[in-house]
Amino acid sequence: MEIKTLYTLHALLQGTAFLILFPIGILIALFKTFIGPSWFILHILFQSLGVFCVFTAIALMAYAHYLKHKTKEPNSKTPNEIKAMPTHVIIGIIIVCLIVLQLIWAIFFRHVIEREIWKFIHLIFAILILILGWTNLYLGYKLYKK
């Protein structure tokens, strides 16, 4: 598969996760009284699909990175040379860490912490993930255009 195609698929999957799936999952939880008893299953479904898209997109970028460096001719740089990491990658790592923390928080602490405190922290995680995700979509677009 062509590297540019992998970049495009990465962007489409991340866009699907952060612009469609995660926001819908959050809205389902916020409007659960209007949705009824099935809100929880729908919330889990949309959030799980979003997480699947994020991790699939990361795997695609890892493969693209592998292909890119596999086809490069060796140059004068040493393998241990430190290379600046784009802000897009740094924010992406932070987002993945927040997603993992959110999953741990949602699964393991739901019945341990007082409900109102748990919901507040769960919402804070969700908002942080969304804002950083939207920011990273913009940064990724700028990188792609270079």
Handout entry: Residue count, the stretch 118-144 (criterion: surrounded by 13 or more Cβ atoms within 10 Å (Cβ to Cβ), under 15 Å from Leu30 (Cβ atoms) and of a type outside the set (A, V, I, L, M))
Key = 3
Fill in the blank from the handout: Conditions (1) buried (at least 19 other Cβ atoms within 10 Å of the Cβ); (2) touching a Leu at 6+ places or on another chain (Cβ under 8 Å) -> Leu19 fails only (1)
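State yes or no: is Ala57 assigned to a helix (DSSP H, G or I), free of Cβ contacts under 8 Å to residues at least 60 places away in the same chain and surrounded by 16 or more Cβ atoms within 10 Å (Cβ to Cβ)? Walk me through how you get there before you give the answer.
Numbers: assigned to a helix (DSSP H, G or I): yes; free of Cβ contacts under 8 Å to residues at least 60 places away in the same chain: yes; surrounded by 16 or more Cβ atoms within 10 Å (Cβ to Cβ): yes.
In short, yes.
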Exercise for the section: State all residues of the stretch 100-112 that are exposed (fewer than 15 other Cβ atoms within 10 Å of the Cβ) and of a type in the set (A, V, I, L, M, F, W, C); if no residue qualifies, say none. Expected result: Val100, Leu101, Leu103, Ile104, Ile107, Phe108, Phe109, Val112
Exercise for the section: Would you mind finding the one in Lys83, Lys77, Lys70 that is at pLDDT below 95, at negative phi and assigned to a helix (DSSP H, G or I)? Expected result: Lys70
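In this structure, does Ile41 turn out to be exposed (fewer than 14 other Cβ atoms within 10 Å of the Cβ) and at pLDDT 95 or above? I'd like the intermediate steps shown before the answer.
Working: exposed (fewer than 14 other Cβ atoms within 10 Å of the Cβ): yes; at pLDDT 95 or above: yes.
Yes, satisfied.
The values are calculated or read from the model by the stated rules, or taken from the named source; none is laboratory data. Note that this is a predicted model, so its numbers are computed, not measured. Quick reminder, even Gly has a Cβ in these numbers, built from the backbone with ideal geometry, and neighbours come from all protein chains shown.
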